[in-house]
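Below: the structure, in structure tokens.
The values are calculated or read from the model by the stated rules, or taken from the named source; none is laboratory data. Bear in mind the structure is a predicted one, so any value in this text is a computation, not a measurement. Note that we place each Cβ from the backbone using ideal geometry, even for glycine, and neighbour counts take in every protein chain shown. Each accessible area value is taken on the protein alone, full model and side chains, heavy atoms only, with ligands, DNA and RNA left out. Shrake-Rupley method; radii C 1.70, N 1.55, O 1.52, S 1.80 Å.
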Amino acid sequence: MKLSDVQKRLQAPFPAHLVGWKPGVVTKDRKRALMLAHIDARAVQDRLDAICPDAWNFEVEVIPGTRLPTVKGRLTILGVTREDIGEAPEGDLGTLKAASSDALKRCAVHFGIGRYLYDLPKQWADWDDTKRQPTHTPELPDWARPDHERSPGGAHLVQAMEQLRYELPEDLDLQREVYKHLKAALSSLHPDSAQAAGQGRAA
């Protein structure tokens with residue numbers, strides 16, 4: 001197997017629930033923020049494990065003398081190596097571990113993993129400065145979603161299936177969360193079925 005054989009799978013969009021959002025710029029009045037989409041290092045690792053579990057490797061080298069923890073990452077996939085610099089954020093999260101995660105994600109972009117997120121249109125959102133988060137999570141366009149999420153209800157079904165991967169959670173709140181996603185999916189696909197499901201549960 002060569003890198004070219006798996007390039008499209010590496011570059012495929014991630015499920016929407018794996019894409020996070022962080023503020024790039026916040027307006028002076030702290031009421032609006034330019035939101036940037038991102039994935040975490042674990043999503044990159046899971047993608048590599050799913051496609052070429054025994055054919056990738058990641059190494060880091062600490063760069064001394066920098067203001068923030070900084071490393072040089074080296075990601076090798078099927079014999080091809082790409083390098084990039086990772087830097088930790090300011091504050092309590094400024095650790096070498098954070099810098100290593102940043103380096104992995106940056107190296108992965110060189111292979112096309114998550115690169116499509118840089119092509120997203122600018123998304124400004126109302127900003128809750130007290131909670132340090134947008135009042136509503138931005139939506140991804142259809143082209144930035146996997147094929148199975150582009151149909152009505154697809155994203156809800158994927159979220160529910162993720163929660164049901166091993167067994168139905170014992171926690172009642174989690175069960176309600178699963179039910180909410182399944183009902184939303186049914187409502188998108190078959191409105192009559194969703195209504196029947198709600199009546200059956202009430203009974």
Among the residues of region 37-48, is there at least one that is farther than 26 Å from Thr137 by Cβ and not polar (S, T, N, Q)? yes
Quick check: is even one residue across region 71-91 under 21 Å from Trp143 (Cβ atoms), in contact with a Phe, Trp or Tyr (Cβ under 7 Å, 6 or more places away or on another chain), open to solvent by less than 20 Å² (accessible area, probe 1.4 Å) and assigned to a strand (DSSP E or B)? no
If I ask for residues that are touching a residue at least 60 places away in the same chain (Cβ under 8 Å) and not in a helix (DSSP H, G or I), which ones from region 4-24 would you list? Ala12, Pro13, Phe14, Pro15, Val19, Trp21, Pro23
For the structure I just gave you, tell me whether Ala125 is modelled with pLDDT of 90 or more and touching a Pro at 6+ places or on another chain (Cβ under 6 Å). yes
Just to verify a result, which residue in region 25-69, among those that are assigned to a helix (DSSP H, G or I) and among the acidic types (Asp, Glu), is farthest from Ala144 (Cα to Cα)? Asp49
I'd like to verify a number: residues in region 27-50 that are open to solvent by less than 70 Å² (accessible area, probe 1.4 Å) and charged (D, E, K, R), how many? 1
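So which residues in region 75-93 are over 19 Å from Ile51 (Cβ atoms) and out of contact with any Pro (no Cβ under 6 Å at 6 or more places or on another chain), if there are any at all?
Hits for region 75-93 are Glu83, Asp84, Ile85, Gly86, Glu87, Pro89, Glu90, Gly91, Asp92, Leu93.
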Odd one out for Ile63, checked against (1) modelled with pLDDT under 95; (2) more than 20 Å from the chain's Cα centre (by Cα); (3) surrounded by 14 or more Cβ atoms within 10 Å (Cβ to Cβ): (1)
Just to be sure before I move on: is Gly24 within 21 Å of the chain's Cα centre (by Cα), crowded, with 18+ Cβ neighbours inside 10 Å and not polar (S, T, N, Q) in the structure I sent? no
Filter result (under 12 Å from Arg47 (Cα atoms) and open to solvent by 30 Å² or more (accessible area, probe 1.4 Å)) within region 100-116: Lys105
Among the residues in region 41-57, are any over 30 Å from Val6 (Cβ atoms) and either touching a residue at least 40 places away in the same chain (Cβ under 8 Å) or of a type in the set (A, V, I, L, M, F, W, C) (or both)? no
